[in-house]
1. Within the range 415-422, is there a residue that is more than 17 Å from SER36 (Cβ to Cβ), within 23 Å of the chain's Cα centre (by Cα), part of a loop (DSSP other than H, G, I, E, B) and not hydrophobic (A, V, I, L, M, F, W, C)?
2. Conditions: (1) over 21 Å from the mean Cα position of the chain (by Cα); (2) surrounded by fewer than 21 Cβ atoms within 10 Å (Cβ to Cβ); (3) at pLDDT below 95. SER6 meets all but one. Number of the miss?
3. Sort through THR321, THR278, THR347, THR298 and tell me the only one that's of a type in the set (Val, Ile, Thr), outside the structural domain of TYR110 (by TED's automatic domain parsing) and assigned to a helix (DSSP H, G or I).
4. What is the number of the single condition among (1) assigned to a loop (DSSP other than H, G, I, E, B); (2) in contact (Cβ under 8 Å) with a residue 12 or more places away in the chain that CYS244 does not meet?
5. When the range 121-145 is examined, which residues are found to be in contact (Cβ under 8 Å) with a residue 60 or more places away in the chain and either in contact with a Pro (Cβ under 6 Å, 6 or more places away or on another chain) or assigned to a loop (DSSP other than H, G, I, E, B) (or both)?
6. For the range 8-61: of the residues being in a loop (DSSP other than H, G, I, E, B) and of a type in the set (Asp, Glu), which is farthest from LEU95 (Cα to Cα)?
7. Just to verify a result, which residue in the range 375-386, among those that are more than 21 Å from LYS361 (Cα to Cα) and touching a residue at least 12 places away in the same chain (Cβ under 8 Å), is surrounded by the most Cβ atoms within 10 Å (Cβ to Cβ)?
8. For the range 426-460, name all the residues that are over 24 Å from ASN43 (Cβ atoms), among the β-branched types (Val, Ile, Thr) and in contact with a helix residue (DSSP H, G or I) (Cβ under 9 Å, 6 or more places away or on another chain).
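The values are calculated or read from the model by the stated rules, or taken from the named source; none is laboratory data. On a predicted model such as this, the values are computed, not experimentally measured, just so you know. Cβ coordinates were reconstructed from backbone atoms using ideal geometry, including for glycine residues, and neighbour counts include every protein chain displayed.
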Amino acid sequence: MLNGTSTANQIIWRSQVSPGEQTLMDRNCHKSLNYSMIITGANPEYMHPLRNGLGIIGPVDFSEIQSEKLYKMAALTNSTYDGVCYYTHYVQECLKNVEILHFDEAWYAYAKFHEIYEKHYGMSLPPGNKLVFCSQSTHKLLTAFSQASMIHVRLPRYLSNSAEARENFHDLFNESYMMHGSTSPQYSMVASLEVATKMMLDNGDVVFDEIIKEAIELRRKIAWAQEDLAEQKDWFFKIWQPPCIAERNENREPKISIEKLAKDQTYWTIKPAKPGETTWHGFAVKDEYAMLDPIKLTFICPGIDINGNMDDAGIPAAIVTNYLIDKGIVCEKTDYYSWLLLNSAGTTKGKQGTLVAELFKFKELYDSKALLADVFPDLVAKYPEKYQGKSLKDHCHEMHDYIKKHKLLENMREAFEARPINDITPAEAYRCIIKQEVESVELRDINPDGATPRIAGVMLVPYPPGIPIMMGGEKFDLYAGDILKYLIARQDFENEFPGYESDIHGIERTAPDEEGNKYFKTLLIKN
């Protein structure tokens, strides 16, 4: 189907969910799934993902889900933006009380084609009593054109065993499909899906074996460079990964071969901490039900450890990724001290070499105290009163000091641990927008201690980390106090460091005041 997984998700939900039905939604989900709840009128509850001290999003804590309650449908992001993949058999067991499972695998269409991902994707589930959907952006990491995506369906036994039942399901599902299908499709996009399918059929396992091995090689290059420099009391970037990936013996040779690492998923498993130990991943998991995807590489900047403890000096990731983007290197997601790169079908060893070279170049510019005007000339030209005459090193330390002093990471963690209470459903909140029963209000004018809490009209999604912090219909009351505190802290950060404004879905900015400051505002439902 066309128009991306955004539309695939809406086709799936519109085909199965009716207004008022109880559903479960991964809080770490794409906004199209939140819009699916609006379109269907679903009554959602949320599955909350774990987080570590770096702000990286981990797997959902399934122990929080009400096991005695029945739900029509559940949507889970697999794999996550940070490369966390679920053991789907475990998920199915945890969600026994859910009738239909939907795995949003937008960034994971390749899992079928390599043994490292065995039993960690939706279609690996054997036929059972549940209807299972997977939506995949075939264009993202396979070879289809942009917006060309697929919906995969695993029918339950009671449907798959009857030709008549299968045909009836197809006819009914097709109504939702046709509702979202264009009568003027771009047929080259459709054809690209056929090409991607044929390529994977003929050569998919070989292609992804090479991609995974090259990703492991890159992981080792970065890890070994960091270790070698650390022995000289020098710094470099780290990779977020199990330590065994880059372990070396006394001859400084790898302890585990790339061939083993590329085949055995146990090396990549996210395991619970042993008593008195700190895990490499930093998540408080109680069981083994997720793994790290080898081809999704999260780079860690100096200045913070896995538990969120901050050093006196540090390098915020936004500064590094702005530098890399200027050099033509695409960073998929930037957090405060980490950023994500994909080693995909289009990643050559030449591109990997360029990345490593530019990271060393950044280090050289930092260590030599190169002027910011020479590193980011456009930034300094636009905001000379803020950045003129400063070095790259000064700039990194100033931003790091601000983040540390104002506890932005701690504020972010507390905000995403908050559990705002919904007053109305997302669909009802959206109807208020249609009826123009909303108003734009500055965040600094919202009082969470008020007798009549204000209700969010739209979802609020800050980047980083790119997941909803507030949903339409939820209340800005005391339960959401930490959310409001964090958003205002982000607003103040942007005013302190102009040029580093990030996208926050649902937030608009006021015109600059006399001092050049802008203030966040959002749509609230009128009292």
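1. Filtering the range 415-422 for residues more than 17 Å from SER36 (Cβ to Cβ) gives 415-421.
Remaining after also requiring within 23 Å of the chain's Cα centre (by Cα): 415-420.
Narrowing further to those that are part of a loop (DSSP other than H, G, I, E, B): 418-420.
Those left that are additionally not hydrophobic (A, V, I, L, M, F, W, C): 419-420.
Yes, some residue in the range 415-422 is more than 17 Å from SER36 (Cβ to Cβ), within 23 Å of the chain's Cα centre (by Cα), part of a loop (DSSP other than H, G, I, E, B) and not hydrophobic (A, V, I, L, M, F, W, C).
2. (1) is the only condition that SER6 fails.
3. On the way: THR278 fails: assigned to a helix (DSSP H, G or I); THR347 fails: assigned to a helix (DSSP H, G or I); THR298 fails: assigned to a helix (DSSP H, G or I).
From the options THR321, THR278, THR347, THR298, the qualifying one is THR321.
4. Only one criterion in (1) assigned to a loop (DSSP other than H, G, I, E, B); (2) in contact (Cβ under 8 Å) with a residue 12 or more places away in the chain is unmet by CYS244, namely (1).
5. Selection gives LEU131, SER137, LEU142, THR143.
6. The initial filter retains those residues of the range 8-61 that are in a loop (DSSP other than H, G, I, E, B), namely 17-21, 27-30, 41-42, 48, 52-56, 61.
When the remaining residues are screened for being of a type in the set (Asp, Glu), the result is 21, 61.
Details: GLU21: 16, ASP61: 12 Å.
Looking at the filtered set, the residue picked out is GLU21.
7. Of the range 375-386, the ones more than 21 Å from LYS361 (Cα to Cα) are 381-386.
Then keep just the ones that are touching a residue at least 12 places away in the same chain (Cβ under 8 Å); that gives 382-383, 386.
On the way: LYS382: 12, TYR383: 15, LYS386: 17.
The qualifying residue surrounded by the most Cβ atoms within 10 Å (Cβ to Cβ) is LYS386.
8. Start the filter on the range 426-460 by keeping residues that are over 24 Å from ASN43 (Cβ atoms), which leaves 436, 439-451.
Right, trim to among the β-branched types (Val, Ile, Thr) and you get 441, 446.
Across the range 426-460, the qualifying residue is only ILE446.
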